[in-house]
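The values are calculated or read from the model by the stated rules, or taken from the named source; none is laboratory data. Keep in mind it's a predicted model, so treat the numbers as computed, not measured. Virtual Cβ from ideal backbone geometry, glycine too; neighbours counted across all protein chains shown. To get the accessible areas, we keep the full protein, side chains included, count just its heavy atoms, and leave off ligands, DNA and RNA. Shrake-Rupley method; radii C 1.70, N 1.55, O 1.52, S 1.80 Å.
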Amino acid sequence: MKTAHFIQIFCLLALASPFAYASDPSPLQDFCVAINDPKDAVFVNGKFCKDPKLAKAQDFYYSGLNIPRNTSNPVGSTVTPVNVAQIPGLNTLGISLVRIDYAPNGGLNPPHTHPRATEILVVVEGTLYVGFVTSNTDNRLITKVLYPGDVFVFPIGLIHFQFNVGKTNAVAFAALSSQNPGVITVANAVFGSNPPINPDVLVKAFQLDKNVHTFHACISIMMKQLQLFVAAFAILACNPLLASASDPSPLQDFYVAINDTKNGVFVNGKFCKDPKLANAEDFFYSRLNIPRNTSNPIGSTVTPINVAQISRLNTFSIFLVRIDYAPYGGLNPPHMHPRATEILVVLEGTLYVDFVTSNTDNCFITKVLNPGDVFVFPVGLIHFQFNIGNTKAVAFAGLNSQNPGVITIANVIFGSNPPINPDVLTKAF
């Protein structure tokens, strides 16, 4: 019984659908596809949901993420979100994706926070100077220069930015651990609120009241020009009092995993270092741009970026993978993630993808994906990707767990140790 015989098991699953079930995530259903029509719909997580029996591949799909965006704007960057507004099937699944384009020589994704999500970013093109600031009272700036294939984590709720220090365009993809992570751009919130914040409040907040009249005048100008992020960031650098973050769970900025149990605190299965000792390397991984070897029986290789590779991911419910597929026939075989929804974007090649809903419908939802296409695989459901092109294929995927788990169906059924009793398999199928 060879574990690579996924075709055999997949055919058996098709003939005997009672086996294809999923565990009960929260909410207690496979998915809740958002719709605008409230008639005969259920209101869940801020959206009305269609009957799951009416769900189709288009509900989990988005196209065009391979197209360069226009960055001719004051900040020199454009963020293209793929969240529940673009993919209604993301509703209740706790994950989203963005593409970020940066203009040469200074394209900036300005200082901002995501109140409901941690972000894990991978650079595809260009050179980015990135950083985030820890919360009060330390307000430490942690920075790193990233190149293609480098990965960096921005903890939930902390002010962070990316700045293109190269002479060419830069492109990055990022996964965020919420279907609607929220964005608070510091300059816009402080100097562009509606109605405006009272200048007296800003004067005192920034503790720059030695020349009150001048500062009042500057604030009045900045309130009229929402894109003056440079002014806001300069003031933040002068006085860190504003750079606070909300209290996520756990109630501190991060828990960096360490192997040394001495003086460490045990959290979420890992011992954690003193946050004051954290550095940029704890949030960083390199070489995700390197093609992987796919000369194996299934013709694919999955490269995970989890807490084992980036120790800072501990407690942050986000995970990234690169998947390489051999030309025609490279397969990421039928499997499930018991603890995570997956959102996948194709960078190269053409993939035939699928997932199967749980009992008793066992609906087979499929789509052919090309570069720039995005697809969602709901938590706990059996799914696969198959390269139907004549060239290699590459995809990146975000998953909303630091340890989503993988259960490859063929391995579990025919490769368990000790083996499952053949009588059990005979009756099950």
Query raised in the report: What pairs come up if the first residue lies in the range 412-428 and is under 17 Å from residue 336 (Cβ atoms) and in contact (Cβ under 8 Å) with a residue 24 or more places away in the chain, the second is open to solvent by 90 Å² or more (accessible area, probe 1.4 Å) and not in a helix (DSSP H, G or I), and their beta carbons are under 9 Å apart, counting only those six or more places apart or on different chains?
Result: 413/1; 414/1; 414/2; 415/1; 415/2
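The rows are residues; the columns are (1) out of contact with any helix residue (DSSP H, G or I) (no Cβ under 7 Å at 6 or more places or on another chain); (2) open to solvent by less than 10 Å² (accessible area, probe 1.4 Å).
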| position | (1), (2) |
| --- | --- |
| 326 | yes, no |
| 356 | yes, no |
| 367 | no, no |
| 373 | yes, yes |
| 378 | yes, yes |
| 385 | yes, yes |
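Give the residue that is farthest from the chain's Cα centre (by Cα), with candidates limited to residues of the range 324-345 that are hydrophobic (A, V, I, L, M, F, W, C) and within 10 Å of residue 387 (Cβ to Cβ).
Keep residues of the range 324-345 that are hydrophobic (A, V, I, L, M, F, W, C), which gives 326, 331, 336, 340, 343-345.
Pick out the ones that are also within 10 Å of residue 387 (Cβ to Cβ) and you get 326, 331.
Working: 326: 25, 331: 23 Å.
The extreme case among them is 326.
Would you mind stating whether residue 98 is surrounded by fewer than 24 Cβ atoms within 10 Å (Cβ to Cβ) and closer than 26 Å to residue 342 by Cβ? Before the answer, list the steps.
On the way: surrounded by fewer than 24 Cβ atoms within 10 Å (Cβ to Cβ): yes; closer than 26 Å to residue 342 by Cβ: yes.
Against the criterion (surrounded by fewer than 24 Cβ atoms within 10 Å (Cβ to Cβ) and closer than 26 Å to residue 342 by Cβ), residue 98 qualifies.
Can you tell me which residues in the range 132-170 are part of a strand (DSSP E or B), open to solvent by 10 Å² or more (accessible area, probe 1.4 Å) and of a type outside the set (Lys, Arg)?
The answer is 133, 141, 143, 145, 159, 161, 163.
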Report summary line: residue 321 vs (1) at pLDDT below 80; (2) under 15 Å from the mean Cα position of the chain (by Cα): all pass except (1)
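For the range 72-99, how many residues are at positive phi and out of contact with any strand residue (DSSP E or B) (no Cβ under 7 Å at 6 or more places or on another chain)?
Kept after step one, since they are at positive phi, are these residues of the range 72-99: 76, 92, 94.
Within this subset, residues satisfying the condition of being out of contact with any strand residue (DSSP E or B) (no Cβ under 7 Å at 6 or more places or on another chain) are 94.
Final tally of qualifying residues: 1.
Out of the residues in the range 282-301 that are charged (D, E, K, R) and in a loop (DSSP other than H, G, I, E, B), which is modelled with the lowest pLDDT? Before the answer, list the steps.
The initial filter retains those residues of the range 282-301 that are charged (D, E, K, R), namely 282, 287, 292.
From what's left, in a loop (DSSP other than H, G, I, E, B): 287, 292.
Working: 287: 90, 292: 96.
Taking the candidates together, the pick is 287.
Residues are listed down the side, and each one gets a yes or a no for (1) touching a Pro at 6+ places or on another chain (Cβ under 6 Å); (2) surrounded by 19 or more Cβ atoms within 10 Å (Cβ to Cβ):
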| site | (1), (2) |
| --- | --- |
| 335 | no, yes |
| 346 | yes, yes |
| 398 | no, yes |
| 406 | no, no |
